[in-house]
Amino acid sequence: MKNEKKKNSEVNKKLQDLDRNREDAQDQYLTTNQGVRINDNQNSLKAGDRGASLLEDFILREKITHFDHERIPERIVHARGSAAHGYFQVYESMEKFTKAGFLQDPTRKTPVFTRFSTVAGFKGSTDLARDVRGFSVKFYTDEGNYDLVGNNIPVFFIQDAIKFPDLIHAVKPEPHNEIPQAASAHDTFWDFVSLMPESMHMIMWAMSDRAIPRSLRMMEGFGVHTFRLVNKEGQGTFVKFHWKPLLGTHGVTWDEAQKISGNDPDFHRRDLWNAIDNGQFPEWELGVQLIPEEDEHKFDFDLLDATKLVPEELVPVKKIGKMVLNRNPNNFFAETEQVAFHPGHIVPGIDFTNDPLLQGRLFSYTDTQLKRLGGPNFHEIPINRPIAPVHNNQRDGHMRQEINKGQTSYQPNSLRGGCPFQAKIEEGGFDSYPEKIDAKKVRERSESFKDHFSQATLFFKSQTDVEQRHIIDAFSFELGKVGVSEVQERVLGLLNEVSGDLANKVAANLGVNVPRRKEQLNHGVPADFDPKRYEPSKSNPSLEKDPALSMMHKGFGNIATRKIAFLCAEGVEDASVQEMKKALENKGAMVKILGPNSTEIKTAEGKSLKIDEAFRTTASVVFDAFYIPSGNKAHKALSNIPKAIHFLNEAYKHCKPIASVQDKGLLDQTYFWKNLDKKNLIEDGIILGKDKSSEFIKAIGKHRFWKREEKDYIPA
Ligand code: HDE
């Protein structure tokens, strides 16, 4: 027990050590970078008060020079990111599978820093772009830093790292005019996709609502590649890593995503920040799919192929621990921007496989940090520093922080008694898994990588009708933005291999025919293109559906951290505000009182009610559900505010729950109210009447009422 206490206080100390930033000065004098106190920070030094500035003004020169150099190159991919600190704790010892120290002891908290990102957009691009999200976790373990650098989609577009620059060039803004920003809906991306059948599985995910998450806190994460766990006996087990959010996995609608991008391009960043700031810490369980080495070839796909997942129907996910993010960064640049992740940062007990995509990544990440962070000492930047002690003979280089003492910087040496010593395996020394390799050097792809459609089909079939409809709409939007009909047709040809129904519906929306295979292959396909890749061979005919691939298959109920808008105006009845607010907040939801402007208003009882935000400065798309308290005077006032009416119409269009104590007033001014089947209001997510908080809470717990989409008559 004593030991446990000691360990926990050590962890707390380590967590604080990670926060090595100097506090912003309080009660301190303003100084130059050399520590000289500054007497005037308002005026530069001039020859007379109307004279020229003097070059000798070292205060001005230092300030401007530093400012001129304040930017570093943004990440070539994943430039737009948001991050938080927290900790990870394993549920039970994983000793049977791995010797990794941080996966042994359930009482031990390992500090983490987690960065979420979009891939294609620049650093200042919108959070709600249709895109893959990065999900990178740096574990500061006692045995060194371990980085799990994954995505919110379990597969990747390509099988071999050599195609990565092509993929990214195709999706980034087009080189002649740098349009469009943070969007895949353009010619070059779909041209590339149309010629890369291996991308089809990931494309299905990218066109699903996974690519427009409601919140970074409501996303799954995946390690994507197959990794290897290694135990003390040196026995290896293949592993796929999963992060499962305790708040469930949810998306928004595409119409909403586009509007949020205008209303609040920082929507995800703000949401993560506010949740942590409010003490509502996001949590994920770490899951593993474990596959014994002897089963390597038992699947109909190759475990080394990153365009394939291991269906949870075949290999269940075992939850082994929990990550809690409980502290916002102190300084965006120093932490979120300067953090350097690397899939090659592993610790004893975790190892790579020969996945050719992973192997290529191992080179790229160091290379990119050298450029981005300016040299080989980026591991000394506070956010990147391991808590495990670092001793080696690496020296010098740009921005070296450590002052290494002593005469020796080589090994073997006798002048320093041979120090630092190599660690034996029993002392925690890293040893690579001794995988047997006996092969010819070739530039080839394994036959076992050649089925590009089976899992894309499995994904599509595993979706609910609503999700399938969203995928069809997404393809129709994206391909509708493509100006080259041959590209549209080639993609339709590929979609036809995934699902005839999908291809036909997208084709109908585009007004283009689905090509027969012969036509498809004749359209501008390069001479070295291998048509064999088009041969669909169903890998798992028995596995028709995998419910885990759908976001909507699970019931949902938790309304914690959901944002609920109360539409209020002068004369609102206080009790109907306070009772509902209390009920929602008891369940962890966040209530925002909206009003005509951001001052206080008088309730019907003459009390004053603080307005959190005016209709003018916000939008329905940034809320999860809507409530209109009672009060005839308030309803009359709201009925005269077009934005309030628009709010509700849009909320209805986006399938969000709406509760109102009375229908006379604001509700019957809306476009949707007159067309509603008043007998089935609850099924449609409309809660009408007094004291209906529990019904409203249930409705919010359902996230959305998708049936409304079938009508599609709201001009909002
Ligand atoms: Fe990355 N990737 N990637 N990637 N990646 C980068 O490294 C790269 C891949 C992922 O929050 C870069 O530090 C290559 C797969 C995330 O800072 C760069 C290949 C997966 C992040 C790079 C891949 C990822 C990156 C750019 C093909 C999911 C953001 C900046 C072989 C498993 C990390 C940087 C953060 C970042 C290269 C493929 C995820 C250029 C060459 C597959 C989450 O090094």
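Bear in mind these aren't lab numbers, they're just calculated from the coordinates by the rules spelled out. All values derive from a computational prediction rather than experimental measurement. Note that we place each Cβ from the backbone using ideal geometry, even for glycine, and neighbour counts take in every protein chain shown.
Data table
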{"item": "Percent breakdown of C-alpha pair distances by 10 Å bin, ordered from the shortest bin, for the chain", "result": "2, 13, 21, 23, 19, 13, 7, 2, 0, 0"}
{"item": "Proxy reagent accessibility, fewest Cβ within 10 Å first, across Tyr410, Tyr146, Tyr91", "result": "Tyr410, Tyr91, Tyr146"}
{"item": "Value of Rg to Rh for region 396-447 (Rh from inverse mean 1/r over Cα pairs, i.e. Kirkwood)", "result": "1.23"}
{"item": "Efficiency of FRET from Cβ geometry, Lys674 and Lys461, R₀ 41 Å, rounded to 0.05", "result": "0.60"}
{"item": "Stretchable slack from Leu54 to His66, in nm (0.36 nm times residue separation minus alpha-carbon distance)", "result": "2.5 nm"}
{"item": "Descending semi-axes in whole angstrom, ellipsoid equivalent of region 430-513, from the Cα gyration tensor", "result": "36, 17, 12"}
{"item": "Loop-resident sites, region 271-358, for trypsin sites (Lys or Arg not before Pro), counting at most 14 other Cβ within 10 Å (DSSP)", "result": "Lys298"}
{"item": "Exposure proxy order (Cβ contacts within 10 Å, fewest to most) of Lys99, Lys636", "result": "Lys636, Lys99"}
{"item": "Reachable lysines, given that their alpha-carbon falls under 17 Å from the alpha-carbon of Lys371 and they are not under 8 places away in the same chain", "result": "Lys123"}
{"item": "Fully extended contour minus Cα-Cα distance, from Phe333 to Ile403, at 0.36 nm per residue", "result": "22.7 nm"}
{"item": "Calculated Rg and Dmax of region 563-710 using C-alpha coordinates, Å", "result": "13.8, 44"}
{"item": "Cα-projected label distance for Lys481 with Arg385, points at 7 Å along beta-carbon direction, nm", "result": "4.3 nm"}
{"item": "Neighbour-count ranking [beta-carbon atoms within 10 angstrom, fewest first] of His646, His169", "result": "His169, His646"}
{"item": "Listed peptides 650-659, 285-294, 104-113 by packing density, highest first (mean Cβ within 10 Å)", "result": "650-659, 104-113, 285-294"}
